[in-house]
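Okay, so here's the structure we're looking at.
The values are calculated or read from the model by the stated rules, or taken from the named source; none is laboratory data. No experiment lies behind these values; they were computed from the predicted model shown. Cβ placement follows ideal geometry from the backbone for every residue including glycine, while neighbour counts extend to all protein chains displayed. Each accessible area value is taken on the protein alone, full model and side chains, heavy atoms only, with ligands, DNA and RNA left out. Shrake-Rupley method; radii C 1.70, N 1.55, O 1.52, S 1.80 Å.
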Amino acid sequence: MPLELEIAVSPGRPPRGAPFVVPVFEGEAPEIAGLGEELAGRIVRAARRRSWTGGRDQVAAVAGDPPVTLWGLGPRDRFDHALLVSWLQKVTGEARRDVQPRLAVRPPIHPVTSGAAGAQAVCRLTALAGYRFDEFKSSPKPGTLTACQLVPVPEEVGEYRRAAPTARAVAGGVATARDLANTPPNRATPEWIASRARELAQARGLSARVLTPRELDKRGMRAVLAVGGGSSNGPRLVRLEWGSGERVIALVGKGVTFDSGGISIKPSKSMEDMKYDKSGACAVLGIAQAAAELDLPFRFRAYVPLAENMPSGEAYRPSDVVRCYNGKTVEVLNTDAEGRMILADALSWAAEEGADTLIEMSTLTGATVVALGHHGAALYTPHDGLADELLTAGADSGERLWRMPLWREFGEEMRGNHADLRNVAGRWGGANAAAAFLGEFVGEVERWAHLDIAGTAYVGSDGSGPAGATGFGVALVLGWLLRQAGRL
């Protein structure tokens, strides 16, 4: 769905008629710089009321034109990206309930919201606060809130004005990733995703190539073929390329359009969430879209392996031995460890073509969710410099990463009995062993990273909140790219 909420930046007083939301940290005075004497006076008088404290989600209405709402953020030292997201969603949600077409918001003054990275985050998250996926609803309700004016303090206006166009492109990439991941598996087959990738490439000036099952077989990409062999929807491998810079950035994303577990079938509980097992691929396509729109000075290559993992008489089996594109053989011990199989072929192709940096994203293991919950993604890389860069990008974007180990022992656990490798190891440290397995397919690329986004790619259907894809990783990687280009 296209983004419905248009973002603009005001250098001073908010427009008349539009409700104006002013955040206030607990125990602090509201930020009134640049608002004009009359409006500032109304805000200050309201904040002096005995009942006002600025506690989290405390609100106070201030009459006049524009009408003002003071909104408490709670203690300053507890404010972070998660609370910023929650606050923006509540603010825009309230405007929609009041059927307001326009809204003005003063961003908080805080390290999370200040400077180039903070301005990017606020603009992006505000644009995405209007995101919804209702393509399959028979009577979708049109959005009522269509425009949001950001009114930063005067010293931040320049940063916010520079950030807004870039943040809009990043938000568009996130929305694309969410749309693709949210699309159900009866539509989002490997062929359908490949077609959407072609359309994206045509619209943004990227070159696109899609390998069919026959071409995969001819190239010796038999890991992708093995995983997709049990489905009537045959596998694909998409390659996109854009740009002409000297530096080559390769992105790889896992695209299992539905994961039943194959012969090693999953329990039925929450299996409906397995449509999100393509989230890594969807994120890579969203990144490619925004990177081309932003005209970043790099050459990009994106590799997206797509397969549906189903049980049938044609499905691959436990104990099968599969030869991957780089010639290494893998003994299949569990057909539900399918993501690393299709990534093996895609990583091998990316490494063969060469890259200065290779970043792969996948909903790879439940073990990552055990370790980090739904609060961050696991980062694996042997390169300390790349680790620091990505950790910084994660902190800037609010898409947190935690670096995990790639110790030699994990690689040894993945050695096969009757093949070079096996696709699962023992019970313990499963996410680490999976990352070590992927390291067998990156060739001579030294700057490579694996992001296991299993716990952050979607909000599940367990009733804990609105279900749906998050687009995790798009803002993070684009923020990293913008820093590499000197534009953040």
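Estimated from the Cβ-Cβ distance and a Förster radius of 30 angstrom, the FRET efficiency linking ARG408 and GLU246 is about 0.35.
Couplings for the stretch 221-235, taken from phi via the Karplus curve 6.51 cos²θ - 1.76 cosθ + 1.60 with θ = phi - 60°, read 8, 8, 6, 4, 5, 5, 5, x, x, x, 10, 6, 9, x, x Hz in order; Gly and Pro are left as x. Ranked by the mean number of other Cβ atoms within 10 Å per residue, highest first, peptides 169-181, 23-35 order as 169-181, 23-35. Seen against the Cα atoms of the chain and their longest principal axis, helix 157-182 is set at about 40 degrees.
For PHE25, the residues 5 or more places off, or on other chains, whose built amide H falls under 5 Å of its own are LEU73.
A cut-off under 12 angstrom between Cβ atoms defines the neighbours of VAL153, and their net charge, with Lys, Arg +1 and Asp, Glu -1, is -3.
For the stretch 360-469, GluC sites (Glu not before Pro) are listed when DSSP marks them as loop and at most 16 other Cβ atoms sit within 10 Å of their Cβ; the list is GLU444, GLU446.
Could you pull out every one of the lysines with an alpha carbon less than 18 Å from that of LYS278, ignoring same-chain neighbours closer than 8 positions? Within reach: LYS254, LYS266. When both the stretch 222-298 and the stretch 155-174 are represented by their alpha-carbon centers, they are found 27 Å apart. Relative to the longest principal axis of the Cα atoms of the chain, the long axis of helix 474-484 lies at roughly 90 degrees.
Angle of helix 115-128 to the longest C-alpha principal axis of the chain, folded into 0 to 90 degrees and rounded to 10: 80°. For HIS418 and GLU215, what does the FRET efficiency come to when R0 = 25 Å and r is the distance between their Cβ atoms, rounded to the nearest 0.05? With a Förster radius of 25 Å, E is 0.30. Think of it as helices only: each DSSP H run of n ≥ 4 in the chain is worth -39500 (n - 2.57), and spread over all residues that comes to -11000 deg cm²/dmol at 222 nm. Straightening the chain between ALA147 and VAL370 buys 76.3 nm, computed as 0.36 nm per residue apart minus the Cα-Cα spacing. Exceedance of the 22 Å cut-off in Cα-Cα distance is limited, within the set LYS218/LYS328; LYS275/LYS328; LYS90/LYS269, to LYS275/LYS328; LYS90/LYS269. A simple count of charges around LYS328, restricted to other residues whose Cβ falls under 9 Å of its Cβ and scoring Lys, Arg +1 and Asp, Glu -1, yields -1. In a reduced charge model with +1 at each Lys and Arg Cβ and -1 at each Asp and Glu Cβ, the stretch 143-241 shows a dipole moment near 500 debye about its Cα centre.
Within the chain, what whole-number % of the accessible surface is contributed by carbon and sulfur, with the 1.4 Å probe and all protein chains included in the calculation? Result for the chain: 50 percent of the exposed heavy-atom area is carbon or sulfur.
If you stretched the chain out fully between ASP356 and ARG317, how much longer would it get, using 0.36 nm times the residue separation minus the C-alpha to C-alpha distance? The partial results should precede the final answer.
Numbers: separation 39, 0.36 × 39 = 14.04 nm, distance 3.63 nm.
Additional length available on full extension: 10.4 nm.
Whole-Hz Karplus values for the stretch 372-388 come out as 10, x, 9, 9, x, 10, 8, 10, 10, 7, x, 9, 5, x, 5, 4, 4 Hz, taken residue by residue from phi with 6.51 cos²θ - 1.76 cosθ + 1.60 and θ = phi - 60°; glycine and proline positions read x.
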